[in-house]
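In what follows, a structure is listed as structure tokens, so that the remarks can point back to it.
The values are calculated or read from the model by the stated rules, or taken from the named source; none is laboratory data. Note that the structure is predicted; figures quoted are calculated from it, not measured. Here the Cβ positions follow ideal geometry from the backbone for every residue, glycine too, while neighbour counts run over all protein chains shown.
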Amino acid sequence: MILLTGFKRWSDIPENPTEQLVRELCEGDVMGRILPVSFSRAGSIIKNLIEKYEPDAILNLGLAPGRAAIRVERIAINLIDTIIPDNDDVKPVDELIDADGPLAYMATIPTKRIINAIRSAGIPAFLSYSAGTYLCNYVMYRSLRTVDKLGLEAVSGFIHVPYSSEIASKVKKPVPSLSMSTLRKAIVIALEVIRKVISSYQS
């Protein structure tokens with residue numbers, strides 16, 4: 001089973017395309033969950049989901065509003081340093097995610113294979129070496145940390161997507177975007193690559 005997560009909207013973002021992506025792709029071996037933009041609530045939810053279901057893979061999705069391409073993250077760092085508050089009006093600055101955790105975790109999903117597969121479909125995609133220090137990095141780190149502490153074989157990682165064109169049309173300034181159908185195709189491809197990895201270590 002693959003745990004696929006996205007986020008609700010936050011701040012002045014009109015909609016979060018990852019919420020729609022998760023709802024559309026939640027079928028078969030994919031269990032989808034929409035996370036609140038809240039450090040305390042998102043952290044406990046992701047931890048509890050992994051502990052309860054012990055998924056074979058975790059793929060977290062997030063919105064990168066200023067980016068024009070799919071970004072597959074390679075590193076999650078043990079730091080929260082926010083500029084804007086979360087939806088609970090909490091604004092941590094220079095805080096560790098886990099005082100007992102390592103400085104960073106590398107994604108365990110096959111990042112380069114995912115990038116190559118998405119690009120082969122004619123969709124712009126790139127590796128990223130910084131998931132930021134907000135909720136996206138937080139959830140990526142929490143997922144990898146939980147898998148590590150439980151000793152699971154699950155692979156885990158994070159993909160940032162740009163605005164969908166449909167949502168970008170509601171924003172009051174020019175922003176880069178890809179169509180929702182393109183975003184969906186990219187995540188479907190990523191899930192297929194992850195399934196092949198799962199099959200290889202389960203056989």
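Could you check region 1-22 and list, in sequence order, the residues that are in contact (Cβ under 8 Å) with a residue 40 or more places away in the chain, β-branched (Val, Ile, Thr) and in a helix (DSSP H, G or I)? Before the answer, list the steps.
Filtering region 1-22 down to residues in contact (Cβ under 8 Å) with a residue 40 or more places away in the chain leaves 1-8, 10-11, 13-18, 20-21.
Filter again for β-branched (Val, Ile, Thr), leaving 2, 5, 13, 18.
The one that is in contact (Cβ under 8 Å) with a residue 40 or more places away in the chain, β-branched (Val, Ile, Thr) and in a helix (DSSP H, G or I): 18.
Checking residue 54 against (1) closer than 21 Å to residue 76 by Cβ; (2) under 15 Å from the mean Cα position of the chain (by Cα), which test does it fail?
Against the list (1) closer than 21 Å to residue 76 by Cβ; (2) under 15 Å from the mean Cα position of the chain (by Cα), residue 54 comes up short only on (2).
Determine which single condition residue 182 fails, assuming it passes every other condition in (1) part of a loop (DSSP other than H, G, I, E, B); (2) free of Cβ contacts under 8 Å to residues at least 60 places away in the same chain; (3) of a type outside the set (A, V, I, L, M).
(1)
Suppose we filter 28, 32 for residues that are small (Gly, Ala, Ser) and in a strand (DSSP E or B); which single one remains? Steps first, answer last, please.
On the way: 28 fails: in a strand (DSSP E or B).
Result: 32 is the single residue among 28, 32 that is small (Gly, Ala, Ser) and in a strand (DSSP E or B).
Provide a single number: the residues in region 146-177 that are within 26 Å of residue 108 (Cβ to Cβ) and in contact (Cβ under 8 Å) with a residue 12 or more places away in the chain. Give the steps one after another, and end with the answer.
Going through region 146-177, the residues within 26 Å of residue 108 (Cβ to Cβ) turn out to be 146-162.
With the extra rule that they be in contact (Cβ under 8 Å) with a residue 12 or more places away in the chain, the set shrinks to 146-148, 150, 152-162.
So the answer is 15.
Being charged (D, E, K, R), in a loop (DSSP other than H, G, I, E, B) and at pLDDT 95 or above is the filter; apply it to region 59-88 and report the residue that is surrounded by the fewest Cβ atoms within 10 Å (Cβ to Cβ). Explain how you work it out, then say what you get.
Let us first name the residues in region 59-88 that are charged (D, E, K, R), namely 67, 71, 73-74, 81, 86, 88.
Filter once more, keeping what is in a loop (DSSP other than H, G, I, E, B): 67, 74, 81, 86, 88.
So of that shortlist, the ones also at pLDDT 95 or above come out as 74, 81.
Working: 74: 19, 81: 14.
Top of the filtered list is 81.
How many residues does region 160-198 contain that are basic (Lys, Arg) and more than 18 Å from residue 72 (Cβ to Cβ)? Walk me through how you get there before you give the answer.
First pass over region 160-198, keeping only residues basic (Lys, Arg): 170, 172-173, 184-185, 195-196.
Narrowing further to those that are more than 18 Å from residue 72 (Cβ to Cβ): 170, 172-173.
Qualifying residue count, region 160-198: 3.
Look through region 89-134, keep the residues that are aromatic (Phe, Trp, Tyr) and not in a loop (DSSP other than H, G, I, E, B), and return whichever of them is surrounded by the fewest Cβ atoms within 10 Å (Cβ to Cβ). Break it down into steps so the answer makes sense when it comes.
The initial filter retains those residues of region 89-134 that are aromatic (Phe, Trp, Tyr), namely 105, 126, 129, 134.
Applying the additional criterion that residues be not in a loop (DSSP other than H, G, I, E, B) yields 105, 126.
Numbers: 105: 22, 126: 14.
Once the filter is applied, the top-ranked residue is 126.
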